[in-house]
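Peer 1: Before we start, here is the structure in question, set down as structure tokens.
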Amino acid sequence: DVVDPRVLFVRGRSPDGRPVEPIALARRNGASTLVSGSYYRSGDSLLFIASVVDVASANVVRSVGPLAASIARPTDGVEATRSRVLTSLASVLDPRFAAAWNAAIAPPPYEAYSPYIAGISQFWFGSTVRAESLFALAVSRDTTFDAAMVSLAIAAGNLGDCVMTDSIARAPRFHRHAVDPLDALGIKIAVARCHGRNEELLRLVIERSHLIPPSSPMQVGTANAELWANRPALAVQALRGMNPATDLDWLPDSDHVAYWGSLCEAYHDLGQYDSELVAANRQTSRPTIDQVMNRIIALAGLRRSAEALRLLDSSFAMSPEPDLGGGLAPNTYGRVDFTGTPATVGMFAARELMVHGDTSAAREAAASTIAWIDSRPTSERGSMEFRAYKMWLQEVQGSLAAAIAGARALVTADTGNVDFRGTLGGLAAATGDTTTASRSDAWLASLPVDRGSWGSSFYRARIAILLGHPDDGAALVRESFERGAWPYFLHMDPILHRLAAVKAMTR
């Protein structure tokens with residue numbers, strides 16, 4: 001509620017004109033949060049300090065200053081104080097940041113905080129490229145803003161930009177004793193994630209989990225690291241320690257896609273499909289693309305193909321959901337406008353149905369999704385993302401000639417793309433074109449580890465299996481895990497599932 005400032009002035013004075021204590025004034029006006037401050041002269045400077053106070057308890061929850069300004073330019077101090085008070089107040093009121101705020105560290109200026117918090121939202125919406133640019137902007141506006149530096153390292157690492165991640169990790173400020181322990185761990189986690197060292201990643205996030213409450217939003221990150229390290233039981237334990245009704249206000253989407261997606265994935269990796277379906281049904285009271293996809297994946301595991309196909313058909317009438325845009329393939333992120341669509345649902349549905357033994361339903365899912373893509377406006381169906389989805393769906397459908405044509409066109413458009421080259425190599429191997437398959441395999445094998453990541457060994461494993469070399473394929477699958485592969489992505493690949501060893505490694 002807004003109070004007339006003239007009334008505040010009257011209430012803020014005793015009958016003899018003396019100022020009333022700020023906390024008493026706040027309580028008199030029914031305020032829950034108080035901002036108060038002072039300024040002092042010190043030689044030829046002014047010093048500004050301020051506090052954000054919880055009125056009910058009278059506890060100081062944020063402190064600003066002292067900030068110095070020249071007496072000749074006093075407004076510089078006013079502006080510096082204003083900006084940091086605004087950040088401090090936002091950190092109290094904004095649930096996306098309040099849970100992770102370190103009150104012992106001086107607040108950054110709001111001009112740095114604003115792009116940082118926008119980057120957090122973009123990161124959880126699946127738009128890591130946009131998040132990275134926003135974090136970089138925040139760092140450029142305040143090079144002492146450690147949380148923004150850590151977030152930039154994490155975003156860059158998720159995009160495979162290990163040069164950026166490593167350069168931040170080597171920054172002198174992260175090797176001082178004064179750095180916050182969570183920030184120090186955050187940098188190490190980013191480096192381990194970028195270089196595919198999943199066991200180290202798991203050790204670091206478990207260490208971090210001991211420094212935060214079980215209900216902390218960071219525990220979603222703990223669960224994700226446990227999923228990448230192929231420890232789904234630990235992920236379930238971490239996520240079950242949170243109450244999604246009360247602990248997830250910090251997520252930018254009301255459906256809490258990150259939480260429910262990780263929980264469903266963990267149950268799926270464990271083969272607990274009934275629990276997975278229960279979690280998917282609890283996600284939201286209204287159907288969304290993400291919920292439909294989680295339900296379809298669970299139904300595929302339960303071998304309830306008819307229900308899965310009906311759900312897939314229902315998704316074709318739904319609008320895109322940017323928060324579903326979690327990436328296109330191991331080395332291709334994709335744009336959230338095109339990856340948060342029914343095309344994603346259809347690809348996951350087709351592959352899951354194939355992996356769980358229903359080839360007919362898998363091909364039906366692929367065909368209906370291709371028909372949906374073909375019905376879209378030219379600007380959409382001509383996008384790189386939709387062309388890639390169509391290629392992969394044609395592979396599941398068994399339309400290999402059409403898939404090869406699509407793969408060649410994509411490789412021509414992006415000659416350095418690992419996913420397109422790798423897919424072409426697998427399709428060539430499946431059709432007996434050993435020359436193209438071998439050429440693709442050699443190109444993938446020549447990539448530096450940081451360039452190809454686990455994607456290069458993943459596609460080489462597929463090529464080896466399709467060429468009739470299962471032992472080589474199994475060795476390359478193990479190499480993919482050593483390079484930090486996402487276990488679920490390997491689980492849902494129909495070609496890799498021809499190996500009994502892959503079924504064991506992804507369970």
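The values are calculated or read from the model by the stated rules, or taken from the named source; none is laboratory data. Because the structure is a prediction, the values reported are computed rather than measured. Methodologically, a virtual Cβ is constructed for each residue, glycine included, from the backbone with ideal geometry; neighbour enumeration extends over all protein chains shown. Side chains included, ligands, DNA and RNA excluded: accessible areas come from the protein's heavy atoms. Shrake-Rupley method; radii C 1.70, N 1.55, O 1.52, S 1.80 Å.
Peer 1: How about region 313-328: which of its residues are of a type in the set (Gly, Ala, Ser) and either under 14 Å from VAL129 (Cβ atoms) or modelled with pLDDT of 85 or more (or both)?
Peer 2: SER314, SER315, ALA317, GLY325, GLY326, GLY327, listed by residue number.
Peer 1: Go over the candidates ALA474, ALA413, ALA407, ALA437 one by one and state the one that is under 29 Å from the mean Cα position of the chain (by Cα) and either open to solvent by less than 30 Å² (accessible area, probe 1.4 Å) or charged (D, E, K, R) (or both).
Peer 2: It is ALA407.
Peer 1: Which is surrounded by fewer than 18 Cβ atoms within 10 Å (Cβ to Cβ), modelled with pLDDT of 75 or more and under 30 Å from ASP247 (Cβ atoms), of SER57, SER51, SER114, SER91?
Peer 2: SER57
Peer 1: Considering region 345-359 alone, what residues qualify as being touching a residue at least 24 places away in the same chain (Cβ under 8 Å) and either open to solvent by 10 Å² or more (accessible area, probe 1.4 Å) or of a type in the set (Lys, Arg) (or both)?
Peer 2: PHE348, ARG351, MET354, VAL355, HIS356, GLY357, ASP358
Peer 1: Where the second residue is outside any loop (DSSP other than H, G, I, E, B) and among the charged types (D, E, K, R) and the first is more than 19 Å from ALA485 (Cα to Cα) and touching a residue at least 40 places away in the same chain (Cβ under 8 Å) and lies in region 205-233, which pairs have Cβ atoms under 9 Å and are six or more apart or on separate chains?
Peer 2: If the second residue must be outside any loop (DSSP other than H, G, I, E, B) and among the charged types (D, E, K, R), the pairs left are PRO217/ARG96; MET218/ARG208.
Peer 1: Taking ARG303 as the residue in question, decide whether it is over 23 Å from the mean Cα position of the chain (by Cα) and part of a helix (DSSP H, G or I).
Peer 2: no
Peer 1: How many residues, within region 37-48, are at pLDDT below 85 and within 41 Å of the chain's Cα centre (by Cα)?
Peer 2: The number of residues fulfilling the criteria is 0.
Peer 1: I've got another one for you. Any idea which of (1) at pLDDT 85 or above; (2) within 17 Å of the chain's Cα centre (by Cα) is the one ARG96 doesn't satisfy?
Peer 2: Only one criterion is unmet by ARG96, namely (1).
Peer 1: Looking at GLY357 and the list (1) at pLDDT 95 or above; (2) on the phi > 0 side of the Ramachandran plot, which single condition is not satisfied?
Peer 2: (1)
Peer 1: Looking at region 360-369, is at least one residue among the charged types (D, E, K, R) and buried (at least 24 other Cβ atoms within 10 Å of the Cβ)?
Peer 2: Within region 360-369 (the criterion being among the charged types (D, E, K, R) and buried (at least 24 other Cβ atoms within 10 Å of the Cβ)), the answer is no, since none of the residues qualifies.
Here is a yes/no grid of residues against (1) modelled with pLDDT under 85; (2) hydroxyl-bearing (Ser, Thr, Tyr); (3) at positive phi:
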{"position": "LEU234", "(1), (2), (3)": "no, no, no"}
{"position": "THR246", "(1), (2), (3)": "yes, yes, no"}
{"position": "ASP249", "(1), (2), (3)": "yes, no, no"}
{"position": "CYS264", "(1), (2), (3)": "no, no, no"}
{"position": "LEU270", "(1), (2), (3)": "no, no, no"}
{"position": "VAL278", "(1), (2), (3)": "no, no, no"}
{"position": "ARG286", "(1), (2), (3)": "yes, no, no"}
{"position": "ILE289", "(1), (2), (3)": "no, no, no"}
{"position": "ILE296", "(1), (2), (3)": "no, no, no"}
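Peer 1: Need at least 1 residues that are in contact with a Pro (Cβ under 8 Å, 6 or more places away or on another chain) and not polar (S, T, N, Q) per element, so show me which helices (runs of 4 or more DSSP H) inside region 122-183 make the cut, counting only ones lying wholly within it.
Peer 2: Per the criteria, 128-141, 146-158.
Peer 1: Can you name every residue in region 102-111 that is open to solvent by less than 60 Å² (accessible area, probe 1.4 Å) and at pLDDT 80 or above?
Peer 2: If the condition is that a residue be open to solvent by less than 60 Å² (accessible area, probe 1.4 Å) and at pLDDT 80 or above, then PRO108, PRO109 are the ones that fit.
Peer 1: If the Cβ limit is 9 Å and pairs must be 6+ apart or interchain, which residue in region 113-130 that is free of Cβ contacts under 8 Å to residues at least 12 places away in the same chain and within 21 Å of LEU328 (Cβ to Cβ) pairs with which residue that is open to solvent by 10 Å² or more (accessible area, probe 1.4 Å) and in a helix (DSSP H, G or I)?
Peer 2: Here the result reads ARG130/ALA118; ARG130/GLN122; ARG130/PHE123; ARG130/VAL336, each pair linking region 113-130 to a residue that is open to solvent by 10 Å² or more (accessible area, probe 1.4 Å) and in a helix (DSSP H, G or I).
Peer 1: While we're here: Regarding ARG6, is this residue surrounded by fewer than 15 Cβ atoms within 10 Å (Cβ to Cβ) and either part of a loop (DSSP other than H, G, I, E, B) or modelled with pLDDT under 70 (or both)?
Peer 2: yes
Residues are listed down the side, and each one gets a yes or a no for (1) open to solvent by less than 10 Å² (accessible area, probe 1.4 Å); (2) more than 16 Å from PHE348 (Cβ to Cβ):
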{"site": "LEU270", "(1), (2)": "no, yes"}
{"site": "ALA280", "(1), (2)": "yes, no"}
{"site": "ARG295", "(1), (2)": "no, no"}
{"site": "ASP313", "(1), (2)": "no, no"}
{"site": "PRO320", "(1), (2)": "no, no"}
